[in-house]
Structure formats: C-alpha cells, structure tokens
Amino acid sequence: MDKLAVFVWAAILGQIVSFIGGSLTHGSYDFLQSLIVSLLTALVVILIGEASKPEKEHQ
C-alpha cells in the first residue's frame, strides 16, 4: 500500500514539474511522456530503497 502512495505522488509531482518546466522553456507539455518518466523514476527510487535495506541478523 505504501508503494502505491509513492507511485501516486510521483505521478502528481511529475505532472507539475513537467508543466512548469515546459512553460519555463517555452516547450510543449506531454501528459503521457511525463507520466511514464515520473513512474519509471519512482520505480527506480523504490528499487534502490529496497536494495539498500540492511539484512536482519539472526540472534
């Protein structure tokens, strides 16, 4: 459930950044492209977070 929240927030913030970036550079705003990039970025961040967790030691 927490990973779903990460994807939702990544999609929302990715759209905002893409829109503002396109406006500042007088470029075009592409919804689908910014959605794909933001979700792939969220996936990479989640994978890095999962890979960097320390292993639990058995006592």
Summing -39500 (n - 2.57) over every DSSP H run of at least 4 residues in the chain and dividing by its residue count gives a helix-only mean residue ellipticity at 222 nm, to the nearest 500 deg cm²/dmol, of -26000 deg cm²/dmol
Compactness check, the chain: C-alpha Rg relative to the 2.2 N^0.38 Å globular estimate gives 1.51
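Normalised by the number of residues in region 1-47, what is the relative contact order in percent for Cα pairs under 8 Å and 6+ residues apart? All intermediate terms of the calculation are to be shown ahead of the outcome.
Working: 29 pairs, mean separation 22.3, N = 47.
The value is 47 percent.
For LEU35 and LYS3, what is the calculated FRET efficiency with R₀ set at 25 Å and r taken between the beta-carbons, to the nearest 0.05? Each step should come with its number before you reach the end.
Numbers: r = 17 Å, r/R0 = 0.68.
Here the calculated transfer efficiency is 0.90.
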If the chain between SER23 and LYS53 were fully extended at 0.36 nm per residue, the gain over the current Cα-Cα distance would be 6.9 nm
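Coordinate-derived values only; no laboratory data. All of these numbers come straight from a predicted model, not from anything done at the bench. Virtual Cβ from ideal backbone geometry, glycine too; neighbours counted across all protein chains shown.
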